[in-house]
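Structure, as structure tokens:
The values are calculated or read from the model by the stated rules, or taken from the named source; none is laboratory data. Note that the structure is predicted; figures quoted are calculated from it, not measured. Glycine gets a Cβ as well: all are built from the backbone with ideal geometry, and neighbour counts include every protein chain shown.
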Amino acid sequence: MRILLVTPAPPRTVHGNRVTALRWARLLRSLGHRVRVRQDDDGAPADLLIALHARRSAAAILRVRAKRPAIPVVLALTGTDLYPSLAETGVDPWILAAADRLVVLQPLALDQLPDPLRARTRVIYQSACPPATQGLEQCQSARLPAGRQFTVALLAHLRPVKDPLLPARAMRLLPRSSSVRVTHAGAVIDPALGERAAIESHTNPRYTWHGALPPVRARRLLAASSALVHPSRQEGGANVVTEALAMGVPVVATPITDTVGILGPDYPGYFPVGDPAALADLLNDLEGDADRYGELRRRCAALRTLTDPARERSSWQSLLGELSR
């Protein structure tokens, strides 16, 4: 099958939509399809359109529907489409109606859709490949050594929706006896946040910002950490949470809908959105309470099957099979 995969994010950018599009392209090629990734309809022959982002890919969907109406359209809804609601984010109902199938990344996203659309919507969890088993075991066994730091990874680009400086603020609220440190990797999207991160990294001994790291180095940073902190205010299905689960790294996160859809409503590692004091208390407790930290690890380990690449491939294969009948 010739697949046109449209994402609004430009080539060689670090935006999540681009990362997702390239990962899906690799997955679909592994299933035997020919995939090209573009920002818009390129007019070349295609048997299927997969579009990321309802609002920003709307023009491409309209062009494909006008010129090649027989081509099936799969629309993947992002966090900025779904939250706080489709109406509030400005998603055109006609674009949703134009799609043969909709894709969301976690099951609670279905609650954002009107009933008539849910039957055409498929939940496809994002997958992640863990590091080599030997390296993963070494990282896990070294996470809480006596007398060493409790290192928390933060993998978040510097943009307001990620609330990337909240963990730095939380570090300033910890008791002097705490060994908790935050190690942050993320590119500057908002220049003002970039300036603040640089200042915070220079003046806050518990917070280090490394800037943008290559994906391999970012994954190594995560795998070697005691926990991942995910302070986001809004997401559609954060891949970093999936990667942490695949690596066996416990997750500490805000209870936003996308994260609850992955981790579950009773997950014990949540802290309120925008609350650095609550995050500081939670990390201090995890550092000092081996039982509580162990429970977090067990809960994350139980969710690791969601991140299996074979599961995601099977989900896409099933979806494409529906459209080729």
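Scanning region 154-190 for residues that are of a type in the set (A, V, I, L, M) and over 19 Å from Arg18 (Cβ atoms) yields Leu154, Leu165, Leu166, Ala168, Ala170, Met171, Leu173, Leu174, Val180, Val182. If I filter region 178-185 for residues that are under 22 Å from Leu222 (Cβ atoms) and either part of a loop (DSSP other than H, G, I, E, B) or not assigned by TED's automatic domain parsing to the domain that holds Leu228 (or both), do I get at least one hit? Yes; the residues of region 178-185 include at least one that is under 22 Å from Leu222 (Cβ atoms) and either part of a loop (DSSP other than H, G, I, E, B) or not assigned by TED's automatic domain parsing to the domain that holds Leu228 (or both).
Of the strands (runs of 3 or more DSSP E) lying entirely inside region 8-123, those carrying at least 1 residues that are polar (S, T, N, Q) and either modelled with pLDDT of 95 or more or not assigned by TED's automatic domain parsing to the domain that holds Leu263 (or both) are 121-123.
Taking region 229-239 on its own, how many of its residues are surrounded by fewer than 24 Cβ atoms within 10 Å (Cβ to Cβ) and not in a loop (DSSP other than H, G, I, E, B)? Within region 229-239, residues that are surrounded by fewer than 24 Cβ atoms within 10 Å (Cβ to Cβ) and not in a loop (DSSP other than H, G, I, E, B) number 1. Residues of region 254-269 that are free of Cβ contacts under 8 Å to residues at least 24 places away in the same chain and within 20 Å of Val152 (Cα to Cα): Pro255 alone. For Glu235, state whether it is within 29 Å of Leu113 (Cβ to Cβ), touching an Asp or Glu at 6+ places or on another chain (Cβ under 8 Å) and touching a residue at least 60 places away in the same chain (Cβ under 8 Å). Answer is yes for this residue. Can you spot a residue in region 202-209 that is out of contact with any Pro (no Cβ under 8 Å at 6 or more places or on another chain), in a helix (DSSP H, G or I) and farther than 26 Å from Asn17 by Cα? Within region 202-209 (the criterion being out of contact with any Pro (no Cβ under 8 Å at 6 or more places or on another chain), in a helix (DSSP H, G or I) and farther than 26 Å from Asn17 by Cα), the answer is yes, since at least one residue qualifies. Taken over region 1-36, the criterion of being small (Gly, Ala, Ser) and within 20 Å of Ile189 (Cβ to Cβ) is satisfied by Ala9, Gly16, Ala21. Of all residue pairs spaced 6 or more apart or on separate chains, those with beta-carbon atoms under 9 Å, a first member in region 42-62 that is under 16 Å from Val19 (Cβ atoms) and touching a residue at least 40 places away in the same chain (Cβ under 8 Å) and a second member that is buried (at least 17 other Cβ atoms within 10 Å of the Cβ) and among the aromatic types (Phe, Trp, Tyr) are Ile50/Trp24; Leu52/Trp24. Does Thr259 satisfy being in a helix (DSSP H, G or I) and touching a His at 6+ places or on another chain (Cβ under 8 Å)? For Thr259, the condition - in a helix (DSSP H, G or I) and touching a His at 6+ places or on another chain (Cβ under 8 Å) - is met. More than 17 Å from Leu279 (Cβ to Cβ), assigned by TED's automatic domain parsing to the domain that holds Gln149, surrounded by fewer than 20 Cβ atoms within 10 Å (Cβ to Cβ) and at pLDDT below 95 - does that describe any residue in region 190-198? Among the residues of region 190-198, not one is more than 17 Å from Leu279 (Cβ to Cβ), assigned by TED's automatic domain parsing to the domain that holds Gln149, surrounded by fewer than 20 Cβ atoms within 10 Å (Cβ to Cβ) and at pLDDT below 95, which makes the answer no.
Of all the listed residues (Gly248, Gly211), the sole one being under 18 Å from the mean Cα position of the chain (by Cα) and on the phi > 0 side of the Ramachandran plot is Gly248. Of the residues making up region 272-325, just one is of a type in the set (Asp, Glu), surrounded by fewer than 13 Cβ atoms within 10 Å (Cβ to Cβ) and part of a loop (DSSP other than H, G, I, E, B), namely Asp289. Against the criterion of being basic (Lys, Arg), assigned by TED's automatic domain parsing to the domain that holds Leu154, in a helix (DSSP H, G or I) and surrounded by fewer than 21 Cβ atoms within 10 Å (Cβ to Cβ), Arg220 qualifies.
Pairs are defined by a Cβ separation below 7 Å, a sequence spacing of at least 6 or placement on different chains, a first member in region 277-306 that is among the small types (Gly, Ala, Ser), and a second member that is outside any helix (DSSP H, G or I); the pairs so defined are Ala277/Leu173; Ala278/Phe271; Ala278/Pro272; Ala280/Leu173; Ala280/Leu174; Ala301/Gly248.
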